[in-house]
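Structure first, commentary second.
Derivation of every value follows stated rules applied to the coordinates shown; laboratory data play no part. What you see is a predicted model; the values in this text were computed from it and never measured. A quick note on method: Cβ atoms are made from the backbone with ideal geometry, for glycine too, and the neighbour counts reach across all protein chains shown.
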Amino acid sequence: MTPRTTRSDQPSLTTTAASTAAPTNAVPTNAVPTNALPTSAATQEPAADGPLIEVRDVRKTFAVRRRAGRLRRTRSEVHAVAGLSFEVAAGEMVGYIGPNGAGKSTTIKMLTGILVPTAGTLRVAGIEPSRDRIRLARRIGVVFGQRTTLWWDLPLRDSFGLLRRIYKIPDARYHENLDHYVGLLELGPLLDVPVRQLSLGQRMRGDIAAALLHDPEVVYLDEPTIGLDIVSKAKVREFLRDLNRERGTTVLLTTHDLTDIEQLCSRVMVIDHGRVMYDGSLPGLHGLGESERTLVVDLAEPGPPIEVDGASVVRVDGPRQWLAFPAATSAAPLVASIAARYPLADLSIQEPAIESVIARMYAAGEA
Ligand SMILES: Nc1ncnc2c1ncn2[C@@H]1O[C@H](COP(=O)(O)OP(=O)(O)OP(=O)(O)O)[C@@H](O)[C@H]1O
Ligand SMILES: [Mg+2]
């Protein structure tokens, strides 16, 4: 079978009326099904021919009951995923973004087999997730940033030990991976600390290691940088970049922080109302709506607004100046020309908010 792809070099854009459904706390999840006790030692099956992830015309409709008065309840349907199709090839690192309630987490839950689609087909490594969730569990890793998959009362080390038994990870492989990830994610001093006592950033690193101990070919990361400080975010990003480059792990990354996408993903899919609204590069997305990024410059001392081609000062506060420039262009020449002419103490780049990029994308589609 030849790999098919829905993705073209030209980014695709579809527009619909933009209204955002309310976010919700979805079904309880545990990325690693704790009842998933495979019967044989972890044997990797041959890679499926074709895309590693294949989603075709998938729908997920939830029936919800709402109170309508003291005794009455009304039933309604929420179309969380409403005709979704895409493919991801092995080795890709794809950003999966969209506003609150767009259907991102629902997609990931269907890709793990936690949720059964209402219609359509999903295949991951040739496996239909909801039919063969346990067999699939060995091939995938999942991190839900909003909740841990670790055992709350146990030290990190014991959680890892349980996963080793659940996945029947061979001894040598387990120790090699444990050393590798504990080193890279700086978990050494935390191994004997109960998960409940870990900070958010520490816990997230523990969750990421836990998702990878069994050498999955694909990892779904649902907001792995949520709530982390800048230093922790940078560490998680560096780790993910290396994981994808060095181990060839396929990554599907959901985030509300466009810096994650900017630094990690050459392809980004925008999801809204349960459908793919854009599939292409991040600069391509920025270019569609003429989004702007902001360069924050700290001068050695306060001065008049910086004058430079390709950017304009939008705010000045003492020695700090904010310059807006088109998000689709590289910041490097801008930084170089400012650095050559002004004494700098520091600078950083702010990505626009996902919501504003998407709003501009719709506006451009309607124009
Ligand atoms: N178990 C459920 N029961 C009823 N409705 C649900 C359930 N899970 C999700 N939904 C609804 O489905 C839609 C999509 O939710 P989902 O969690 O997939 O969004 P999301 O894109 O992950 O959003 P966020 O960015 O806020 O995490 C929302 O309207 C949500 O209210
Ligand atoms: Mg979500």
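Data overview
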{"read-out": "Percent RCO, i.e. relative contact order, over the chain, from Cα pairs under 8 Å lying at least 6 residues apart", "value": "20 percent"}
{"read-out": "Coil-residue GluC sites (Glu not before Pro) of the range 267-320, DSSP, other Cβ within 10 Å capped at 15", "value": "E290, E307"}
{"read-out": "For L115, distant residues with modelled amide H under 5 Å away", "value": "M110"}
{"read-out": "Computed [θ] at 222 nm, deg cm²/dmol, the chain (DSSP H ≥ 4; -39,500 (n - 2.57); rounded to nearest 500)", "value": "-9000 deg cm²/dmol"}
{"read-out": "Antiparallel bridges, percent of DSSP beta bridges restricted to the range 49-287 (to nearest 5)", "value": "60 percent"}
{"read-out": "Interchain or long-range residues, amide H under 5 Å from L344's placed H", "value": "A300"}
{"read-out": "Helix axis angle, 332-341 relative to the chain longest principal axis, alpha carbon, degrees", "value": "40 degrees"}
{"read-out": "Dipole moment magnitude, nearest 20 debye, the chain about Cα centre, only Lys, Arg, Asp, Glu C-beta charged", "value": "2000 debye"}
{"read-out": "Dipole of the chain, positive end: most advanced residue of V316, G103, L178 [Cβ charges, Cα centre]", "value": "G103"}
{"read-out": "Under Karplus coefficients 6.51, -1.76 and 1.60, residue-wise ³J(HN,Hα) of the range 156-161 in Hz, glycine/proline x", "value": "3, 4, 6, 4, 4, x"}
{"read-out": "The range 160-315: relative contact order as a whole-number percent, Cα under 8 Å and 6+ apart", "value": "15 percent"}
{"read-out": "On Cα atoms only, tilt of 354-366 relative to the major axis of the chain in degrees", "value": "80 degrees"}
{"read-out": "Mean Cα-pair separation over length for the range 79-191, i.e. relative contact order, pairs under 8 Å, 6 or more apart, %", "value": "15 percent"}
{"read-out": "Greater than 28 Å apart at Cα, pairs in K104/K233; K60/K168; K104/K168", "value": "K60/K168; K104/K168"}
